[in-house]
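What follows is a short report on a single structure.
Readers should treat all values here as calculations from the given coordinates under stated rules, not as data from a laboratory. Note that the structure is a prediction, hence the values are computed from the model and not measured. All Cβ positions, glycine included, derive from the backbone under ideal geometry; neighbour counts span all protein chains shown.
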Amino acid sequence: MNTMAYLFTANAVIWIVLALFLLRIHAGERKLREEIDRLRRQIDRT
Amino acid sequence: MNKRTTARLDMVLWGVLGLAMIAALYLAFVDAPRERTMGDLQRIFYFHVAAAITGMTAFGVNFAAGVAYVARRDRKWDRLALAAAETGVVFFAIVLITGPIWAKPVWMVWWTWSPRLTLSLVLCLLYIAYLLIRRYIEDPDRRAMIAAVFGIVAFVDAPLVWFSIRWWRDIHPAPMLESGGIDPAMRPAFWACVASFELLLVYLLRRRCALESMREEMERLERLAG
């Protein structure tokens, strides 16, 4: 691998890791919001 | 703080963060001069070192939040401690991956068990253990207290990582910040990367704490729903 390939790989890793972490938080928020809405509806019905 | 103010604050933070990231990328890859010995490979350092400093900041936040939880027993400190540990692990994972990518063409090896590298790995593993411990304790109060104490003890490794290249012989590059060894033309790129990652840390901590608050709200509703 030449110098630029190492530089590209390192930067790709940085931004992929950060993007995955952000996506994980976003997915968690969406899932919890849906679950909270479902539970609120269930409590309102009873 | 109401929901509207929080959303507006997040929007402002997101905008400033975006601009800071663009500026950091421009300074690191376009504006900063090419290093004489390593060439463009040295540009890995801008984000590698920034990630290390930000990871250390996150572990410092975990330590402070742990101390605050032990003193006050307020769950908001436990949420912050968890968010900081998780974010710190992410930044240290970046450090531990980009370091070897730089080391291979320069040192001719991916990894060597030097004090700085070994202690950095141990630090990251300690906080992974912190996150795992949290998963196996059901009672929230007990979990928060054990995690706070574990986080406080784990942070002992942080100053060892920081000072290892000053105290022991190490293959890792010497500290540039205190010795003034960094070229003045490279300083804007370096500090822009540090500032943008620290801003990103603030953003991630806010999002991660909010996620944890939602999880607690869901658990409360589950108890109500029976």
Exercise for the section: Pop the C-beta distance of residue B:2 and residue A:19 into the FRET formula with R0 = 35 Å and round what comes out to the nearest 0.05. Expected result: 0.70
Exercise for the section: Quick one: compute the contact order of chain B, relative version, from alpha carbon pairs under 8 angstrom and 6+ residues apart, as a percent. Expected result: 32 percent
Exercise for the section: Taking amide H positions as placed in the peptide plane 1.01 Å from N, state which residues far from residue B:74 in sequence (5 or more) or on other chains have amide H under 5 Å from it. Expected result: none
Problem - Assigned charges on the beta-carbon of Lys, Arg, Asp, Glu; the protein assembly as shown dipole about Cα centre (debye) - result: 580 debye
Practice task
Determine how many Å³ per residue the convex hull of the Cα atoms of the protein assembly as shown encloses.
Solution key: 146 Å³
Fill in the blank from the handout: Toy charge model, Lys and Arg Cβ at +1, Asp and Glu Cβ at -1: chain B dipole around Cα centroid in debye, rounded to 20, equals 280 debye
Problem - In sequence order, calculated HN-Hα J values of the range B:216-226 (Karplus, 6.51, -1.76, 1.60; Hz; x Gly/Pro) - result: 5, 5, 5, 5, 5, 5, 4, 5, 5, 6, x
Exercise for the section: Can you tell me the alpha carbon radius of gyration of chain B divided by the globular rule-of-thumb value 2.2 N^0.38 Å? Expected result: 1.13
Practice task
Using a/c under 1.5 as the rounded threshold, could you call the range B:12-144 rounded, prolate or oblate? The axes a ≥ b ≥ c are square roots of the C-alpha gyration tensor eigenvalues, and prolate needs a/b larger than b/c, oblate otherwise.
Solution key: oblate
Handout entry: DSSP loop trypsin sites (Lys or Arg not before Pro) with at most 13 other Cβ within 10 Å: longest gap in chain B
Key = B:74-168
Practice task
Name the most mobile residue of B:87, B:37, B:54, meaning the one with the largest mean-square fluctuation, in a Gaussian network model of chain B with Cα contacts below 10 Å.
Solution key: B:37
Exercise for the section: Only helical DSSP H runs with n ≥ 4 go in: add -39500 (n - 2.57) per run for chain B, normalise by residue count and round the 222 nm mean residue ellipticity to 500 deg cm²/dmol. Expected result: -27000 deg cm²/dmol
Practice task
Give a residue-ordered list of calculated ³J(HN,Hα) values for the range B:76-91 (Karplus: 6.51 cos²θ - 1.76 cosθ + 1.60, θ = phi - 60°; whole Hz; x for Gly, Pro).
Solution key: 4, 6, 5, 4, 5, 4, 5, 4, 5, 5, 5, 5, x, 4, 4, 5
